[in-house]
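The values are calculated or read from the model by the stated rules, or taken from the named source; none is laboratory data. On a predicted model such as this, the values are computed, not experimentally measured, just so you know. Here the Cβ positions follow ideal geometry from the backbone for every residue, glycine too, while neighbour counts run over all protein chains shown. The area values use the complete protein model at the heavy-atom level, side chains included, leaving out ligands, DNA and RNA. Shrake-Rupley method; radii C 1.70, N 1.55, O 1.52, S 1.80 Å.
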Amino acid sequence: MSTARLDLHDDIAVITLDNPPVNALSHAHRSSIVAHLQAAEANNRIRAVVLIGAGDAFCGGAEIREFNTPAALAAPITRQVAEAAEALKKPVVAAIHKVAMGGGLELALGCHYRVASAGAAIGLPEVKLGLLPGAGGTQRLPRAIGAAAALDMIMTGEPRKSQDLATLGLIDSIIEGDLLHGAIGYARALADRAAPLRRLRDEGVAGDNLPALFAAARERVAREWRAYPAPVCCIEVVEAAAFRPFDEGIRFERATFLRLVETPESKALRHAFFAERTAARVPGLAPLKDLPPIQSVAIVGAGTMGCGIAMTMANAGLSVVLVDVSSSALERARASIADTYASALARGRIDAKAHERRTSLIQFGAELSAIGKADLVIEAVFEDMAIKHKVFAQIDALARPDAMLATNTSTLDVNAIARATRDPGRLLGLHFFSPANVMRLLEIVRGEHTSDQTLSRGLALSRRIGKVGVVCGVCDGFIGNRMLEEYLRQAYTLVEEGATPQAVDRALEAWGLAMGPFRMMDMAGQDIGWAVRKRLKIDHPDKRYSTWPDRLCEAGRFGQKTGAGVYRYDAGSRVGQPDPETARLIAQVVAEQGTPQRTVSDEEIVERCMLVLANEGARILHEGIALRASDIDVVYLTGYGFPRYRGGPMLYADQLGLAHVVQRLRAYSGALMGDALAPAPLLATLASEGRRFNE
Ligand code: T1G
């Protein structure tokens, strides 16, 4: 039972929020806080009240899991807890440390005064969940710090530091030293001087030229966040705070919140929030104590991936040696890393101290023997099994016997690679996504012999370097690239059937993808896809592959890197233009094949490309390559530009309804690649039972 507790410090009552891990405001916790506030009110000995959080947070907000259940609507709702504090006839002081988010900040806004430790992160991130602050925050925050600052915090969901908010007038005092002791002293001083009970609801909203502020905000939303309703709703409720009475604004806030909490976008964003955290849990993997920490990393292969991985490790404070026997490759790596950090410094993304620390953490080695001291050795050489076998034989001989080994392969068989080492138990796959120092996703590939300790160390490393680690089994392309291949096969085939590449890209980008398939492949390199298809045609000869992308590559059209791929690129530009040469090449192939041409609708493009992802995901789930459907969602949300407000390919299918998905896949059975759209067995079974992937 999660409750708050009340302690008396002479004439000051201290109510401690105590609902680990983040003191979320569940119904039980809300009820307990209100009961203690009322008890403090009734006790004449008490002259003031302090609210403080136990553990590592003041409060992380409402209990997100309660939304869309009766508990979220059960009194006292979060807004009533804030109102209970505000209505007290004794000073109530919120004492904030580390984190005050969402309903947690809204509770603090109901208090008469707010103090905080320095460095606390304080914000209203609800918009990131497809919501808006629903406990009075949209009405009280503008009254505390003015319309402009409040609108920015609510629309972006970004937290601010307590010191900044002290400057803005939200935090009354930054407490040095022990927060509780300082807050009690502050509360007592308020009582001693009979300080006024400041209620934000009684204040006005400061701001100049407010109509222009809200108009500019609407333009920004239309540019940056047009796809889902919450951001524009944030503007409307802050506008209500500026122009309408408090109680009217509160009613409008509540009605808008209740509408947003039912939207598919909010449900998808909340799914994404928990999915990323659930991915770190591996059933049956006992939490191992005293895991040997990873503090030093050797990376073999100083190419693009090796450099990105090196910076990822250095950015997290790990010491790195980047090894390559080619002196020219090493020099290119040294220059590339120096340029990346110099650019980050110039743009203010890192300060001089961080620049110095990170660059000093990366050493370069021309001899493979340089890996001999590392806790972890990561292989990042050319994607060729023979080369990897040769390199791992050398790594095996030169690495410390207790060092963990990893391959960064993106498609090759990790089990086969492990067979080149004497102890496959210490090897796993760490599939970083390029650019490795930017992309959040890390596929942690568990080989058939990967030990529990090695896997646990891989998960701990993923958290340490700020990645979202998703554990997967060994198959061609693991989770993400395996599904991507099916997606690309549909995209290429749609072009054979009559869609233009730009129509396919446009339809999928309008649907919400960050980048359509052809723009993406032009950026990544059409030759990379070409190499994969050559291998897949050998490994999976039963599948149909379009020939027009191969013709493109045979003509040397690899994409941005050669100035032309599907699109053509003006010198120095990364913006692709439709190219008649591509259209001619496609027409020639289609004529050779005798493929009937037809008009392909945007709806068909989206359905075939998006539903084939869920269909292949169902196979991956059934084979046990992915532990759960939400892990597949996380892979696409963090590594493939899938729109977060759609929750991932598996949740998207769930929201459509799996029976509907099966029916739509079958509707395309007559298409050129209809066989690839046959519903996977698990999908068909779940659909027939009225179930979901994400149960
Ligand atoms: N509800 C339920 N569980 C939560 C939670 C929440 N609000 N916040 C965190 N958790 C769980 C999380 O799933 C994980 O669980 C554990 O706590 C540690 O989280 C009415 C409508 C607070 C900055 O959006 O940003 O208030 O995996 O790994 O890195 O107007 O959690 O251990 O089982 O992230 O130290 C608004 C969401 C809610 C804040 C801490 N609040 N949380 O970060 O730990 S809506 C938020 C965070 C609302 C009101 C509105 C972060 C954190 P598990 P963690 P962390």
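Within the stretch 299-311, being surrounded by fewer than 24 Cβ atoms within 10 Å (Cβ to Cβ) and among the β-branched types (Val, Ile, Thr) holds for one residue alone: THR304. Filtering the stretch 415-451 to residues that are under 23 Å from the mean Cα position of the chain (by Cα), under 21 Å from ALA626 (Cα atoms) and surrounded by fewer than 17 Cβ atoms within 10 Å (Cβ to Cβ) leaves only ARG440.
Being closer than 17 Å to ILE184 by Cβ, modelled with pLDDT of 95 or more and either in contact with a strand residue (DSSP E or B) (Cβ under 6 Å, 6 or more places away or on another chain) or more than 14 Å from the ligand (Cβ to nearest atom) (or both) is the requirement here; does ALA95 meet it? Yes: the conditions hold for ALA95.
Do we find that ALA255 is in the same structural domain as GLY204 (by TED's automatic domain parsing) and touching a helix residue (DSSP H, G or I) at 6+ places or on another chain (Cβ under 6 Å) in this structure?
Taking the combined requirement at face value, the residue does not satisfy it.
PHE273 passes every criterion in (1) surrounded by fewer than 19 Cβ atoms within 10 Å (Cβ to Cβ); (2) more than 24 Å from GLY648 (Cβ to Cβ) apart from (2). With respect to the conditions (1) assigned to a helix (DSSP H, G or I); (2) without any contact (Cβ under 8 Å) to a residue 12 or more places away in the chain, ALA39 lacks only one, and its number is (2).
Taking the condition open to solvent by 10 Å² or more (accessible area, probe 1.4 Å), more than 23 Å from LEU291 (Cβ to Cβ) and either of a type in the set (Asp, Glu) or modelled with pLDDT under 95 (or both), does LEU412 pass? Reasoning before the result, please.
Working: open to solvent by 10 Å² or more (accessible area, probe 1.4 Å): yes; more than 23 Å from LEU291 (Cβ to Cβ): yes; either of a type in the set (Asp, Glu) or modelled with pLDDT under 95 (or both): yes.
Answer is yes for this residue.
For the stretch 558-578, a residue qualifies if it is of a type outside the set (Ser, Thr, Tyr) and closer than 13 Å to ILE528 by Cβ, and the qualifying residues are PHE558, GLY559, GLN560, LYS561, GLY565. Taking GLU592 as the residue in question, decide whether it is in contact with a strand residue (DSSP E or B) (Cβ under 9 Å, 6 or more places away or on another chain), open to solvent by 50 Å² or more (accessible area, probe 1.4 Å) and in a helix (DSSP H, G or I). The answer is no for GLU592. Of the numbered criteria (1) more than 9 Å from the ligand (Cβ to nearest atom); (2) open to solvent by 30 Å² or more (accessible area, probe 1.4 Å), the one ALA48 fails is (2).
Here is a yes/no grid of residues against (1) open to solvent by 30 Å² or more (accessible area, probe 1.4 Å); (2) outside any loop (DSSP other than H, G, I, E, B); (3) acidic (Asp, Glu); (4) not assigned by TED's automatic domain parsing to the domain that holds GLU485:
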{"residue": "LEU536", "(1), (2), (3), (4)": "no, yes, no, no"}
{"residue": "ARG544", "(1), (2), (3), (4)": "yes, no, no, no"}
{"residue": "ARG568", "(1), (2), (3), (4)": "yes, yes, no, no"}
{"residue": "GLY572", "(1), (2), (3), (4)": "yes, no, no, no"}
{"residue": "GLN588", "(1), (2), (3), (4)": "yes, yes, no, no"}
{"residue": "PRO596", "(1), (2), (3), (4)": "yes, no, no, no"}
{"residue": "VAL600", "(1), (2), (3), (4)": "no, no, no, no"}
{"residue": "ASN615", "(1), (2), (3), (4)": "no, yes, no, no"}
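In a residue-by-residue description of the stretch 64-85, the property of being open to solvent by less than 10 Å² (accessible area, probe 1.4 Å) and away from the ligand (no atom under 13 Å from the Cβ) applies to at least one position. Condition check for ARG226 on (1) under 25 Å from the mean Cα position of the chain (by Cα); (2) open to solvent by 50 Å² or more (accessible area, probe 1.4 Å); (3) within 16 Å of the ligand (Cβ to nearest atom): one failure, at (3). Whether any residue in the stretch 622-637 is charged (D, E, K, R), open to solvent by 60 Å² or more (accessible area, probe 1.4 Å) and at negative phi is what I want to check. Yes, the stretch 622-637 contains at least one residue that is charged (D, E, K, R), open to solvent by 60 Å² or more (accessible area, probe 1.4 Å) and at negative phi.
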